[in-house]
Each structure stands twice: as structure tokens, then as C-alpha cells.
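In what follows, a single structure is set out as C-alpha cells and then discussed.
The values are calculated or read from the model by the stated rules, or taken from the named source; none is laboratory data. Note that the coordinates shown come from a computational prediction; the quantities given were computed from them, not determined experimentally. Every residue, glycine among them, receives a Cβ derived from its backbone with ideal geometry; neighbour counts consider all protein chains shown. Accessible surface is based on the protein model in full, side chains and every heavy atom, while ligands, DNA and RNA are left aside. Shrake-Rupley method; radii C 1.70, N 1.55, O 1.52, S 1.80 Å.
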Amino acid sequence: MPDKRAGFDELLVQLRATNALLAKLLSVNAELTQGDLILVLARAGISPAEIADILGTTSNTVNVALSRSRKKPAK
């Protein structure tokens, strides 16, 4: 019987790679900053820890960006 955990781990690796590629494409093609990407991903319901993983940064950086965005006046 195949190990289900090994299949899950491989899927998780592929998902992380896909997420990172999509974030990179968004930043290059739409000229989005890291802060913009953080807001886009947060609005999509992704947790700060997951956003940090996708963008290759720390969850503290993500939390600071989210906090600063809440303090800015609405445009």
C-alpha cells in the first residue's frame, strides 16, 4: 500500500512552488510591490504565515505590512 503521507508531502511542495511562481508573475507583470502582493494574498484569505512562505519572507514582515495598510487612509 502506498504511503499517503509521502504523496501529500509531494503535493505540498508542488503547491508551494506554484504559489511562489504565481506571486512572482504577479509582481513582474502587474508591477506589484511586495506590500501589494501581501494585500492581494491576505484579501484572498491566506494567512500571514502562508503569505510569508509564498513570498519568501517572514510572517513578521507580512504582519507589519498588513498593519501599515490598516493605518493608511482609504483612497
Original post:
If the Cβ limit is 6 Å and pairs must be 6+ apart or interchain, which residue in segment 12-40 that is under 9 Å from Ile54 (Cα atoms) pairs with which residue that is at pLDDT 80 or above?
Top reply: Asn19/Ile54; Ala20/Ile54; Ala23/Leu37; Ala23/Ile54; Ala23/Leu55
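Each row is one residue, and each column tells you yes or no for (1) surrounded by 10 or more Cβ atoms within 10 Å (Cβ to Cβ); (2) small (Gly, Ala, Ser); (3) on the phi > 0 side of the Ramachandran plot.
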site: Asp3; (1), (2), (3): no, no, no
site: Leu11; (1), (2), (3): yes, no, no
site: Glu31; (1), (2), (3): no, no, yes
site: Gly56; (1), (2), (3): yes, yes, yes
site: Ala65; (1), (2), (3): yes, yes, no
Subject >> Some residue of segment 41-53 being open to solvent by 90 Å² or more (accessible area, probe 1.4 Å) and at negative phi >> reply: yes
Original post:
Looking at segment 19-71, what helices (runs of 4 or more DSSP H) fall wholly within it and have at least 1 residues that are more than 10 Å from the chain's Cα centre (by Cα)?
Top reply: 34-43, 59-71
